[in-house]
Amino acid sequence: MKVIIMPRNRASNPLFSLSGGQFFLWLAVLLMVAILGGAALQRLAWGLAPGLWSLENRLHPVFDSPMPGADRALEALAVKVGVLQVKLLHLEVLGARVADLAALPVASLRVANQPSERAAPHEVGQSLNVSQLEAKLSALQTAVRKKNDYFVLLDLAMTQRAAAAAQLPTAMPISSRAQLSSSYGWRKHPFHGDQSTHEGLDFAAPAGTPILAAAGGVVRTATRQNGFGNLVELDHGDGLITRYAHALVLLVKAGELVTRGQMIARVGSTGLSTGAHLHFEVRHNDRALDPAQFLTASPFVSPSTNSRAAR
């Protein structure tokens, strides 16, 4: 057998020709080259296989995870629940402290029934699904809003209490240099000698000593009256007034707004008086009250038996 390879143009000479033996020899050579090349490619593929497997393992969580967004949403909700639980706990501790300072019952701070054990965010995410976490988050947000509303009301109540306390004449109406020369109640009148009710406190002090407002209020009276001499009356609201008598000079006018501790006059001995002193009264709806029950400072000295300071 003889193999002849001819070009398309038959007029040309043949490219080459092979005898039967030469053809089978070349075929065997080509098969051997193919086998050797296939073996080399196989070895190369097996060498690259670990890297390909590693790449597949890295991509596996991305493509095989059924709902990666759900896990992230669950974790985010769990974190929000944990943060709100911490805020609520902080509010409860703060509320208990404020209630103690305000002398309020701690039980009144309970605005929601919360579980005694609070789970960490990752524990919440493991034990609850998304809908359960959303429900718990909504309940915690409601509890925090209620707690915040409670603090607003508490602030209002304490503001009102502070305003009421500021109304009370608890500040000393005269400096510590004064001495209590006559108490509230029954006593022998220094002028006509009969037993009579003394409706205030008398503080003996040098003439010119500052007289101070025992509480903030509006000047009701700033004038001279017969027995009281130069007189100042302050209206503190709700029928409560304070009276400062026998002043040397008045430093305020009717209708003027004064603050606690403001100097409103100076000690004198005008009107029915046996010496320089301040006659101080507290009255509610025109009924005399014992000023000592209001004054929180106590520079009081036992009334002098030798002093004859009076109204």
Q: Just subtract the alpha-carbon distance of Asn148 and Asp235 from 0.36 nm times their residue separation and send over the number in nm, one decimal.
A: 27.7 nm
Q: State, to one decimal in nm, how far the label point of Ala292 lies from the label point of Leu257, with both points 7 Å from Cα in the Cβ direction.
A: 3.6
Q.
Neighbour counts of other C-beta atoms within 10 Å: give me Val282, Val93 arranged from fewest to most.
A. Val93, Val282
Q: Once you have the Cα-Cα distance between Val130 and Val79, take 0.36 nm times their residue separation minus that, and quote the gain in nm to one decimal.
A: 17.1 nm
Q.
Per-residue counts of other Cβ atoms within 10 Å, averaged by peptide: what ranking do you get for 257-263, 247-253, highest first?
A. 247-253, 257-263
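Bear in mind that the values in this text are calculations on the coordinates, not laboratory data. Please read all numbers here as calculations on a predicted model, not as lab measurements. Virtual Cβ from ideal backbone geometry, glycine too; neighbours counted across all protein chains shown.
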